Structures are given as structure tokens and as C-alpha cells.
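Working notes, beginning with the structure itself.
Throughout, read-outs are computed from the coordinates displayed, never taken from laboratory work. Given the structure is predicted, the values throughout are model-derived calculations rather than measurements. Here the Cβ positions follow ideal geometry from the backbone for every residue, glycine too, while neighbour counts run over all protein chains shown.
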Amino acid sequence: MYSARGQSRSTGLFLTLCAAMLLLAMLSQQPWAAGPRGMAKSALAPVEEVMTSASRQFDRLVSVFGDVSRLRAENQRLRAADEELRRQLVELNASAKENASLRKALDFERASGHRMLAAQIIGLGPDGFSRTLEIDRGTADGVRPGMVVATGAGLLGRVRESGPHAAIVQTLADPQSRVNVYLSTSGLQGTVSGGPTVLDLEIQHTLGVTPSTGEWAITSGVGGSFPRGLLVGEVATVTRRDASTTDLAGIAWVNDPTSISFLLVITDFTPS
Amino acid sequence: MRRAAGVLVMVAAALVQVTWAPRLEVAGAYPNLVLIAVVSITWTLGVRSALAWACVGGVLCDLTSSGPVGPHALALLVGVYVIGLWIRNLERVTALRVAASAVVATCLYSAVLVLADDLLGLPVAPLGVAFRLTLAAAAYNGVLAPFAFEVARALHGAMRTAPQPI
């Protein structure tokens with residue numbers, strides 16, 4: 001189908017492009033390239049914001065249809081109910097939920113004593129290996145790499161990169177993420193690492209104390225990467241490992257990055 | 001005209017990938033629309049065009065992720081080149097072959113992405129997790145690729161029959 005010459009031209013093109021991309025990767029990784037790279041990344045942010053907003057509208061529409069079908073199954077008399085009123089009702093419910101979530105975030109900000117900046121999520125990571133989020137705040141708003149990110153429910157992750165008007169947040173679900181925690185009842189300490197479906201917690205053995213399900217995992221502040229006292233999740237499973245120096249637990253994370261729409265960047269905590 | 005349409009398709013694929021596709025997550029994996037588009041282009045327009053579009057799509061992915069610009073493009077290039085070697089002697093395109101090529105491309109893409117991150121000194125996902133995610137993503141992309149190929153073939157046909165400006 002292809003001639004040998006055509007094949008060799010393809011190989012030449014492939015090698016040239018590979019070399020170009022490697023060079024681009026190495027150059028764009030240099031500290032002096034951080035500014036232009038951040039600006040280039042921010043260029044796509046407005047379109048991502050519009051698309052994420054459209055996606056939320058779509059979710060809202062789907063939830064309207066979902067509620068309508070459930071109501072129909074529950075009570076046939078509701079078939080005659082006005083479609084528009086029900087749509088408005090669901091939308092109002094959605095607004096109320098968002099309102100409650102915002103109030104929770106506000107309470108969290110007051111209770112935590114940290115200075116925070118609210119940001120909207122405009123995109124998610126392009127591949128399954130790095131669980132990241134893109135937010136609509138950047139260096140122009142005071143967001144810097146290393147800053148800790150939370151929601152009203154608890155810890156979400158940390159800022160990894162920031163451009164002028166957008167930043168990329170590495171969530172706790174990212175396989176490279178690590179956070180030191182202690183358990184609320186037993187006081188045991190351990191390290192939470194990210195995973196695609198569940199957060200793993202490695203708990204150091206302490207004589208006479210055992211971890212149990214239902215305990216809360218809270219940031220310990222050890223290592224200075226995260227402030228002490230942020231909620232991470234609830235211990236869902238515990239696996240005893242007598243042959244090892246640590247036990248393993250599964251943590252039900254308090255946050256679900258695919259369902260949250262805004263978050264809080266803690267601006268006054270500097271990781272050591 | 002064709003190039004503009006191609007750029008539009010790639011930008012749309014990259015943006016949909018980072019905004020809507022993660023909502024379709026199954027077993028920790030979600031479809032890689034840019035990779036699927038590039039595989040479809042390889043089958044429709046050939047390896048040389050696909051290599052160029054792999055660069056465009058890859059750079060767009062890099063611009064929406066953390067880290068340097070280039071690793072996603074490099075990973076896509078390798079996938080395209082290898083499936084190009086395989087398909088160049090094939091007489092007939094079947095849905096199964098397109099699906100298989102998407103699976104192979106996904107595995108190569110993931111392997112190169114992990115390797116490139118390691119070479120560039122970036123944090124790398126644990127191998128077990130990476131392997132599990134790669135398998136799930138390969139299956140996902142393999143299922144979607146034949147449909148994307150049909151769309152790409154239809155678009156290509158429409159472009160060829162459209163009157164060219166004088």
C-alpha cells in the first residue's frame with residue numbers, strides 16, 4: 001500500500017517531530033519559561049469555563065428529566081402537573097443546594113481562621129494519571145503554586161501551577177499526592193496517598209491501639225505541607241497487616257472532584 | 001479549509017476531554033478523545049497527516065494539564081507511528097482493526113507519558129495504578145474508536161466532494 005520511500009519519509013517526519021516535542025518539553029520546563037507557559041495555558045481557560053458551564057446546565061437539564069420520571073413512577077396524578085413549574089422547582093432546589101454549599105464554605109472559612117479565595121472549577125485533567133483541576137484564578141488573584149485548596153467539606157489538594165488567570169490544582173486523588181493525617185478517635189498517624197477510586201491510608205503500628213472504620217482522617221500538619229485540622233475523609237475499610245510495620249485503610253474522601261463546581265484556595269498558609 | 005476544520009476538531013476534542021469526558025469515568029478511566037481522533041485520522045488520511053495532527057492535539061492536551069508542554073504530543077506521536085507501521089500493509093479497514101489500533105495506541109501513549117514524566121523529573125504514578133488505568137482507558141478507547149472512525153470517514157468524504165474555491 002505504501003512505498004518504501006513513503007515509509008522512510010514518515011519515519012523522518014516522526015523522528016523530527018519527536019525531537020521537536022522533546023526539545024519543547026525540556027525548554028518549557030525551565031524556570032524562565034514558566035511565565036509564557038502559564039500565559040499559554042491561560043489562553044484556553046475562557047473556552048473551558050464556557051464549556052464547563054454548559055456541562056453544568058446540561059446536568060441540570062438531565063436532573064430535571066430524572067426527577068420528572070421518578071415523580072411519574074411515584075404518583076400518576078402528577079402526570080398532569082405543569083412541566084415548567086417542575087423544571088423551575090428543580091432549578092430552585094439546585095440553587096438552594098448551591099446556596100447551602102456556599103454557606104458551608106463560608107462557615108469553613110470562618111472556622112478555619114485562614115484567609116481564603118473562592119475559585120470556580122473550569123476544567124479537569126486530560127488523562128487518568130494526573131487527577132488535576134483547572135480553576136479560574138491565577139497569579140493575578142494571588143494564587144501561587146503550593147497553596148492548599150479545600151472545599152466546605154474538607155481538603156481537596158494543592159495548587160501545582162498557576163498562570164495569570166488560571167491555575168492547575170493537584171487533587172488528593174492524584175496518584176502522586178501524599179498527605180499526613182491522624183485518626184480522630186484512635187489518634188493513630190499515617191499517610192494518605194491518592195488513587196483513582198479510593199484514597200489509601202498507611203497507618204503506623206502503635207502498640208495496643210487499632211484503627212477502626214468510621215474514624216475521621218484529619219491533616220496532622222506533620223511535614224509542613226498542609227495545615228493541621230483539615231478533614232480528609234472517613235475510614236471505610238481497614239486491612240490489618242501483621243507482617244508489616246503498617247496497616248492499610250481505605251478512605252472515603254469527603255470531596256468528589258467531578259461533582260464540585262467551586263473551591264477555596266487558602267492564601268495565607270505557606271508550605272514549609 | 002481542511003486544515004481549519006482539522007484544528008477545530010482537535011480543539012473541540014481537547015476541550016471536551018478536559019470538561020465533559022471526565023464525567024464519563026468508568027473504573028478510574030475516561031475516554032481520551034484526542035487520541036481517538038488521532039487514531040481515526042491515521043486510518044482516514046494516513047500516517048503523515050496523523051503525525052502532524054498528533055502534535056497539534058498533544059500540545060493542546062499539554063496546555064490543559066500541569067507540567068511542561070510536549071509529553072502528551074510525544075506520547076501521541078509514538079502511538080500514531082506504531083499503528084501506522086501496522087496498518088500500512090492492510091487492504092481492508094474493519095471496526096475490529098480500528099478498535100485494536102486504538103487499544104495499542106492507548107497502551108503506547110500511556111507508557112510514553114509515564115516514561116517522559118520520569119525522564120523530565122516529574123512525579124510518576126505508581127506502576128500498578130498506571131497499569132490498571134491504562135488497561136481501563138485502552139478498553140474504553142477501543143470501544144469508541146470505530147464510531148469515531150466512521151465520523152472521520154464521513155467528514156473526509158464530505159470534504160472531498162465539497163467544491164473547492166477557485
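Within the range B:80-89, the residues that satisfy the criterion of being of a type outside the set (Phe, Trp, Tyr) and more than 7 Å from chain A (Cβ to nearest Cβ) are B:Val80, B:Val82, B:Ile83, B:Leu85, B:Ile87. Taken over the range B:60-79, the residue count meeting the criterion of being hydrophobic (A, V, I, L, M, F, W, C) and more than 8 Å from chain A (Cβ to nearest Cβ) is 2. Taken over the range A:184-213, the criterion of being more than 30 Å from B:Ala29 (Cα to Cα) and hydrophobic (A, V, I, L, M, F, W, C) is satisfied by A:Leu188, A:Leu207, A:Val209.
Mind listing whichever residues of the range B:136-155 are of a type in the set (A, V, I, L, M) and in contact (Cβ under 8 Å) with a residue 12 or more places away in the chain? B:Ala136, B:Ala137, B:Ala138, B:Ala139, B:Val143, B:Leu144, B:Ala145, B:Ala148, B:Val151, B:Ala152, B:Leu155, listed by residue number.
Would you please name the residue that is surrounded by the most Cβ atoms within 10 Å (Cβ to Cβ), looking only at residues in the range B:29-41 that are in contact with a Gly (Cβ under 6 Å, 6 or more places away or on another chain) and within 11 Å of chain A (Cβ to nearest Cβ)? Give the derivation first.
Kept after step one, since they are in contact with a Gly (Cβ under 6 Å, 6 or more places away or on another chain), are these residues of the range B:29-41: B:29, B:34, B:38.
The next check asks that each one be within 11 Å of chain A (Cβ to nearest Cβ); those that pass are B:29, B:34.
Working: B:Ala29: 22, B:Val34: 33.
For the range B:29-41, the residue satisfying everything is B:Val34.
Could you tell me whether the range A:111-118 includes any residue that is touching a strand residue (DSSP E or B) at 6+ places or on another chain (Cβ under 7 Å) and charged (D, E, K, R)? Within the range A:111-118, not a single residue is touching a strand residue (DSSP E or B) at 6+ places or on another chain (Cβ under 7 Å) and charged (D, E, K, R).
No other residue among A:Ala100, A:Ala118 is of a type in the set (A, V, I, L, M) and either assigned to a strand (DSSP E or B) or under 18 Å from B:Pro22 (Cβ atoms) (or both) apart from A:Ala118. Selection of the range A:19-41 for residues being crowded, with 16+ Cβ neighbours inside 10 Å and within 9 Å of another protein chain (Cβ to nearest Cβ) yields A:Met21, A:Leu22, A:Leu24, A:Ala25, A:Ser28, A:Gln29, A:Ala33, A:Arg37, A:Ala40, A:Lys41.
For the condition of a type in the set (Lys, Arg) and either crowded, with 21+ Cβ neighbours inside 10 Å or more than 7 Å from chain A (Cβ to nearest Cβ) (or both), what is the one hit in B:Arg23, B:Arg3, B:Arg48?
On the way: B:Arg23 fails: either crowded, with 21+ Cβ neighbours inside 10 Å or more than 7 Å from chain A (Cβ to nearest Cβ) (or both); B:Arg48 fails: either crowded, with 21+ Cβ neighbours inside 10 Å or more than 7 Å from chain A (Cβ to nearest Cβ) (or both).
Answer to the selection: B:Arg3.
Total residues in the range B:85-96 satisfying the condition of being touching a Pro at 6+ places or on another chain (Cβ under 9 Å) and assigned to a helix (DSSP H, G or I): the figure is 2.
Within the set B:Val112, B:Val82, the sole residue that is in a helix (DSSP H, G or I) and in contact with a Gly (Cβ under 9 Å, 6 or more places away or on another chain) turns out to be B:Val112. Are any of the residues in the range A:144-164 surrounded by fewer than 23 Cβ atoms within 10 Å (Cβ to Cβ), polar (S, T, N, Q) and closer than 30 Å to B:Val26 by Cβ? The answer is yes; a qualifying residue exists.
Applying the criterion of being surrounded by fewer than 24 Cβ atoms within 10 Å (Cβ to Cβ) and among the small types (Gly, Ala, Ser) to the residues of the range A:165-189, the residue that is nearest to the other protein chains (Cβ to nearest Cβ) is A:Ser177. Just one of the listed residues (B:Arg23, B:Arg2) is over 15 Å from B:Tyr140 (Cα atoms) and of a type in the set (Lys, Arg), namely B:Arg2.
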